[in-house]
Amino acid sequence: MRDLDGGEPEVLVELYTQGAHCCSVALALRYDGATYRPKLLLYGNFGYKVVDLDRDGLPELSAFDERFVYTFSAYVFSSAPPQISQYRKGRLVDVTRRFPAEIRRNAAQVGKEFLTKKRPPKDVDLRSFVAVYVADQYLLGRPAEARRALDYALAHGLLYRGKEYLGSPAGRNFVAVLMRDLRRWGYVRP
């Protein structure tokens, strides 16, 4: 039991669906004065943490944006940007942009995977790291850095050549698909 939104404590039931690497699920039960109302929270491969990032007495649910998993490369090379939510009256509210230090930490981690490479390594597909770094830069309000990273990755062949490589978008097609998804998912704001 934990108070997530400043009212009655919620009941969090953590579940794991089992399998090779998926899925972490939580059932949040919120008391509305008469009964407990359920909210299923899907956290996929990377799971989540309940942590009070802003130290206001109410915790955030810190996870990762699972839409990036498998989208830009194989799972083994997948990474994801942070996705931080607050639970308010039975709903999750995305507050990721309020925590730039968490975003910068993630960007630094994924950026070191590709920003110094001069050619694609033979044993690692870097496209997911590029996608996450670019998403992090948009979350931070730094579209010029996002563009610079994409240009760097293209120039050094880190996104591969052609339209597709190993079943995922490659080259300029990767950039087009990434930007389409980032707009659709709310990373790039109009």
Open item on the list: Test of understanding: what is the full-extension gain from L15 to R184, defined as 0.36 nm times their sequence separation minus their Cα-Cα distance?
Closed with: 57.9 nm
TODO: Run the quick spin-label model on Y36 and A74: label points 7 Å from Cα toward the beta carbon, then report their separation in nm to one decimal.
DONE: 4.2 nm
Open item on the list: Given an 8 Å cut-off on Cα distances and at least 6 residues of separation, report the relative contact order of the chain as a percent.
Closed with: 13 percent
TODO: Give the angle, between 0 and 90 degrees and rounded to the nearest 10, that separates the Cα long axis of helix 171-184 from the longest principal axis of the Cα atoms of the chain.
DONE: 20 degrees
Task: Rounded to 10°, Cα long-axis angle of helix 127-139 versus longest principal axis of the chain - done: 60 degrees
Open item on the list: Give me the extension gain from D54 to R91: residue separation times 0.36 nm, minus the current Cα-Cα distance, reported in nm with one decimal.
Closed with: 11.4 nm
- [ ] Mind counting lysine pairs for me in the chain? Cα separation below 28 Å, and the two need to be 8 or more apart along the chain or on different chains.
- [x] 9
Task: Portion, in percent, of the accessible area of the chain that falls on carbon or sulfur, probe 1.4 Å - done: 52 percent
Open item on the list: Cut-off 10 angstrom, C-alpha nodes, Gaussian network model of the chain. Which of G33, G111, G47 fluctuates the most?
Closed with: G33
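The values are calculated or read from the model by the stated rules, or taken from the named source; none is laboratory data. Nothing here was measured: the structure is a model prediction, and the numbers come from that model. No Cβ is skipped: glycine too gets one built from the backbone with ideal geometry, and neighbour counts run over all protein chains shown. Calculation scope for accessible area: heavy atoms of the full protein, side chains included, ligands and nucleic acids excluded. Shrake-Rupley method; radii C 1.70, N 1.55, O 1.52, S 1.80 Å.
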